[in-house]
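To keep things clear, I will list the structure first and then write my remarks on it.
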Amino acid sequence: MKNANGYEVIELFEQFSPKAYAMEGDKVGLQIGRLNKPISKVLVALDVLEEVVDEAIAANAELIIAHHPIIFRPLQKITTEQTSGRIIEKLIKHDIAVYAAHTNLDVAKGGVNDLLADALGLTNTEVLVPTYEVKLKKLAVYVPEENAEALKQALGNAGAGAIGNYSHCTFSTNGTGQFLPGENTNPHIGTHGKLESVNETRVETIFPAHLEKKILSALFKNHPYEEVAYDIYPLDNRGETLGLGRIGYIDEMSLEEFAMHVKQALGVTGVRVVGNLKDRIKKVAVLGGDGNKYFRSAKFKGADVYVTGDMYYHVAHDAMMEGLNIIDPGHHIEMIMKQGVVNVLTKMCQDKGLNVSFIASKPNTDPFQFM
């Protein structure tokens, strides 16, 4: 295992949750501190409150990855007599960087909304509100025939060749490659000054544009040639559609039974319910955070119930009049992202051989209590 810096950790995180997934105007990315420093411990948090910063200090964490941005609106002033100023002061004094992943983590596969859907036991899920279409590129590379299969496997392991539920998709053709090694070369095949012909395989595969650096790294690491001949093409093909929220199915039950299931599955002490408790529930939409403006998407896609937080009084009336049941377990259910991100980044760093540990923040940052 090797030591890592902040750029390496965030590069891995952004392969999982690219900033490009974020909604327009969202405040994502590095917000406080620096990444050009060694990172051995990362605290993953929902909110960056003072008790969370104190937790990071006690744990000797050099970086906090948070879902909710610590700076969302422009700051008018920073005074250390106020809690907000004191938080920033502590972070800077202890050289703790803060990186925010907000709506991009909502949208990402395996992010907030997938974690919520999994916790609720939804099956056959799809995106509730499409917001982003993945850009695709194609890689074509020439490799000696005997090395082709190993290279295809390495590219697939890096994320190339994913089409729907299929992975490691490639197309290969065989031909003859020709080259003349110069004086200052160290050819894998051939000798200096002699024109060489080699039986080669042209391997073609597609990949998401945001994974290009990772794909090229796998290419250069697993190709035997000193100089790799390859081409990358932008594609007009439609990539995977991503977005906010998920919609799927559960075993049929009453709204009352499902509300109790939501409480247990998401670890909350109470929920607000809109609708007839005897209504039968089978198709469920879920959207973490404040989902007020998307309730009609849930209704349009045939949801029997919409699970989301921060429902407004009049929006609840509108949903009720349109025949959509609602369960509001609060905004804080997004805390599910803490352990989810820890699990993803721990595996990514292990696979990369980086000596970084990740811990899920423990303080309860929910401002509400049910009495």
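What follows is calculated from the coordinates using simple rules that are stated; it is not laboratory data. The structure presented is a predicted model; accordingly, all values stated were derived computationally and were not measured. FYI the Cβ positions are ideal-geometry reconstructions off the backbone, even for glycines, and counts take in every protein chain you see.
So the values come out like this:
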{"read-out": "Distance in nm between pseudo-label sites at Asn355 and Asp318 (7 Å out along the Cβ direction from Cα)", "value": "5.5"}
{"read-out": "Most fluctuating residue given options His314, His223, His261, as computed from a GNM of the chain linking Cα atoms under 10 Å", "value": "His314"}
{"read-out": "Test item: Cα-centred dipole of the chain, Lys/Arg +1 and Asp/Glu -1 on Cβ, debye", "value": "320"}
{"read-out": "Gain in span if fully extended, Glu226 to Asp251, counting 0.36 nm per residue against the direct Cα distance", "value": "3.3 nm"}
{"read-out": "Candidates Asn174, Asn222, Asn104, ranked by Gaussian network fluctuation over the chain, Cα under 10 Å, top entry", "value": "Asn174"}
{"read-out": "Distance from the stretch 1-59 to the stretch 130-155 (C-alpha centre basis), Å", "value": "29"}
{"read-out": "On Cα atoms only, tilt of 6-16 relative to the major axis of the chain in degrees", "value": "80"}
{"read-out": "Computed over the chain: relative contact order in percent, which uses C-alpha pairs under 8 Å that are six or more apart", "value": "21"}
{"read-out": "For the stretch 34-40, Karplus couplings with θ = phi - 60° (6.51, -1.76, 1.60), whole Hz, Gly/Pro x", "value": "9, 10, 7, 7, x, 10, 10"}
{"read-out": "Estimated FRET transfer efficiency when R0 is 25 angstrom, pair Phe300-Lys263 (beta carbons, to 0.05)", "value": "0.40"}
{"read-out": "Nearest-0.05 FRET efficiency for Asp95 and Arg73, computed from C-beta distance (R0 30 Å)", "value": "0.75"}
{"read-out": "Restraint check, Lys27/Lys338; Lys27/Lys283; Lys214/Lys293; Lys138/Lys352, Cα-Cα greater than 27 Å", "value": "Lys27/Lys283; Lys214/Lys293"}
{"read-out": "Sites matching chymotrypsin sites (Phe, Trp or Tyr not before Pro) across the stretch 1-104 that sit in DSSP coil, with at most 12 neighbouring C-beta atoms within 10 Å", "value": "Phe72"}
{"read-out": "Spacing of the two label points (7 Å from each Cα toward its C-beta) at Arg34 and Asn124, in nm", "value": "5.5"}
{"read-out": "In nm, spacing of pseudo-spin labels at Lys19 and Asn199 (7 Å Cα→C-beta vector)", "value": "4.8"}
{"read-out": "Extreme residue, positive dipole direction of the stretch 50-182, given options Ala97, Val127, Ser84 (C-beta unit charges)", "value": "Val127"}
{"read-out": "Within the stretch 6-77, GluC sites (Glu not before Pro) in DSSP loop having at most 16 other beta-carbon neighbours inside 10 Å", "value": "Glu24"}
{"read-out": "Highest-fluctuation residue, Lys221, Lys77, Lys293 considered, GNM on the chain with Cα pairs under 10 Å", "value": "Lys77"}
{"read-out": "Neighbourhood net charge (10 Å Cβ-Cβ; Lys/Arg +1, Asp/Glu -1) for Leu277", "value": "-2"}
{"read-out": "Residues Glu133 and Asp366, FRET efficiency given R0 of 35 Å [Cβ-Cβ distance, rounded to 0.05]", "value": "0.55"}
{"read-out": "C-alpha long axis of helix 255-266 to longest principal axis of the chain, angle in °", "value": "60"}
{"read-out": "Proximal lysines to Lys90, defined as alpha-carbon separation beneath 19 angstrom and excluding residues fewer than eight positions away on the same chain", "value": "Lys37, Lys41, Lys77, Lys362"}
